[in-house]
Amino acid sequence: MTGLYASLTGWIFETLIQPVMYALGLMDWAEDAYDWLDFGLFGLLTIGVVYVVCRPLEAWWPVEPRAERWADRRAVRTDVVYTLLARLGVLPLLAFVLLASLQSRWEGWLTEAGLLPPTLEEIFPVLRAWPLLALAVYVVVLDFGEYWRHRAQHGIRWWWALHAIHHAQRQMTFWTDDRNHVLDDVLAALWFGGIALLIGVPPGHFPIIVLLLRVGESLSHANVRLNFGRVGERLLVSPRFHRAHHGELSAGARGCNYAVLLPVWDWIFRTGDWKRDAFPPTGVPGVAEGLATGGWLRQQVMGLRDVAQALRGR
């Protein structure tokens, strides 16, 4: 799969992009353009996989039938804009470049001191011989980190001011997963990428992990009346489980069900709501209407305003 993907990326670059850059005298930027193409194609692949998995489910058994409740779907279209900007945009690429540079300096310092970087494969050498086991371990560790980041988003006042944009959506669909303030995305990318580099996630594993988490998160936001049963609800985050997190009564520090992929963290730290038949209305009562129905730019400006007020203690 990696070979086919690399071949496709190389063919598109050499056939469609490189001749144009040569004609315009932009070949000094060729390497950057190739990295951008690689990232963009992976974003398109992720969007395609998520759409194929989630859209039929929403059409099959929606929590809120769109024809009945959603006469105005501008908020959903705004979420589509968020998804395109997040998965085809520059922020994740910048975060990766920054963190990779920091990692190189960190590993160089350790090497000069005669130490090995404390990656999971150094601590548990068996992972080198079992790549699928290593992949599973990386997913568990990163998911644990995402659980605590999510709790921080709800528990820290200024961070909640950013994260409230995500929760303000009253017409939640699988597109809602990427509905975040730009600063929130930056913090999330630094958090996730930093943990991945710290534990030594190999380059070949990283896109697979990102794809798994993306599909899981998008499915959990889907407008579908679906739970995984008494046992399954404790093994994997379902649309029912995560909708309880987005419910009107769970906003801010009153939140529950913070897990991104594995509900075991909510079980261990007693933040889980296991009422399997609950599909509450979503949104944040009392916030400005623009956070729910405004366009992308308006919500970004309002988020900055709310962060400034939170930092001033208001």
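The values are calculated or read from the model by the stated rules, or taken from the named source; none is laboratory data. Worth saying up front: this structure is predicted, and the values here are computed from it rather than measured. Please note: Cβ atoms are built from the backbone with ideal geometry, for glycine as well, and neighbour counts cover all protein chains shown.
Across segment 35-57, the number of residues qualifying as surrounded by 14 or more Cβ atoms within 10 Å (Cβ to Cβ) and either under 17 Å from Arg214 (Cα atoms) or of a type in the set (Ser, Thr, Tyr) (or both) comes to 15. Scanning segment 3-34 for residues that are under 26 Å from Gly204 (Cβ atoms), surrounded by fewer than 10 Cβ atoms within 10 Å (Cβ to Cβ) and of a type in the set (D, E, K, R) yields a single hit, Glu31.
Conditions (1) within 19 Å of Asp35 (Cβ to Cβ); (2) in a loop (DSSP other than H, G, I, E, B); (3) among the small types (Gly, Ala, Ser); (4) at pLDDT 85 or above, marked per residue:
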position	(1), (2), (3), (4)
Leu187	no, no, no, yes
Trp191	no, no, no, yes
Ile195	no, no, no, yes
Gly204	yes, yes, yes, no
Pro207	yes, no, no, no
Val215	no, no, no, yes
Leu219	no, no, no, yes
Val224	no, yes, no, yes
Val231	no, no, no, yes
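Considering only segment 256-276, I want to know if a residue exists there that is surrounded by 17 or more Cβ atoms within 10 Å (Cβ to Cβ), of a type in the set (Ser, Thr, Tyr) and either touching a Phe, Trp or Tyr at 6+ places or on another chain (Cβ under 6 Å) or more than 29 Å from Ile209 (Cβ to Cβ) (or both). For segment 256-276, residues surrounded by 17 or more Cβ atoms within 10 Å (Cβ to Cβ), of a type in the set (Ser, Thr, Tyr) and either touching a Phe, Trp or Tyr at 6+ places or on another chain (Cβ under 6 Å) or more than 29 Å from Ile209 (Cβ to Cβ) (or both): present.
Whenever a residue of segment 150-176 is part of a helix (DSSP H, G or I), its partners that are of a type in the set (Ser, Thr, Tyr), lying with C-beta atoms within less than 6 angstrom and at least six residues away or across chains, give the pairs His150/Tyr258; Arg151/Tyr258; Phe174/Ser218; Trp175/Thr83.
Somewhere in segment 223-237, is a residue in contact (Cβ under 8 Å) with a residue 24 or more places away in the chain and within 13 Å of the chain's Cα centre (by Cα)? No, the conditions are met nowhere in segment 223-237.
Could you check how many residues of segment 13-39 are of a type in the set (Gly, Ala, Ser), part of a helix (DSSP H, G or I) and more than 24 Å from Arg87 (Cβ to Cβ)? Step through it out loud before you land on a result.
Just the residues of segment 13-39 that are of a type in the set (Gly, Ala, Ser), to begin with: 23, 25, 30, 33.
Within this subset, residues satisfying the condition of being part of a helix (DSSP H, G or I) are 23, 30, 33.
Okay, now just the ones that are also more than 24 Å from Arg87 (Cβ to Cβ), so 23.
Within segment 13-39, residues that are of a type in the set (Gly, Ala, Ser), part of a helix (DSSP H, G or I) and more than 24 Å from Arg87 (Cβ to Cβ) number 1.
Residues in segment 233-270 that are farther than 16 Å from Ala152 by Cβ, outside any loop (DSSP other than H, G, I, E, B) and of a type in the set (A, V, I, L, M): Ala244, Leu249, Val264, Ile268.
Can you spot a residue in segment 51-66 that is outside any loop (DSSP other than H, G, I, E, B), modelled with pLDDT under 80 and closer than 23 Å to Arg240 by Cα?
yes
Restricting the first member to segment 1-12 and to residues that are in a helix (DSSP H, G or I), and the second to residues that are not hydroxyl-bearing (Ser, Thr, Tyr), the beta-carbon pairs closer than 7 Å and six or more apart or on different chains are Thr2/Gly204; Thr9/Leu37; Thr9/Asp38; Thr9/Leu41; Ile12/Leu37.
For segment 284-314, the set of residues classified as outside any helix (DSSP H, G or I), within 15 Å of Gln171 (Cβ to Cβ) and of a type outside the set (A, V, I, L, M, F, W, C) consists of Gly294, Gly295, listed by residue number. What is the number of the single condition among (1) free of Cβ contacts under 8 Å to residues at least 60 places away in the same chain; (2) touching a strand residue (DSSP E or B) at 6+ places or on another chain (Cβ under 8 Å) that Asp273 does not meet? Status for Asp273: all satisfied but (2).
When the residues of segment 255-314 are filtered to those that are charged (D, E, K, R) and within 27 Å of Arg225 (Cα to Cα), which remaining residue is modelled with the highest pLDDT?
Let us first name the residues in segment 255-314 that are charged (D, E, K, R), namely 266, 270, 273, 275-277, 289, 298, 305-306, 312, 314.
Within this subset, residues satisfying the condition of being within 27 Å of Arg225 (Cα to Cα) are 266, 270, 273, 275-277, 289.
Working: Asp266: 95, Arg270: 92, Asp273: 87, Lys275: 79, Arg276: 67, Asp277: 69, Glu289: 90.
Looking at the filtered set, the residue picked out is Asp266.
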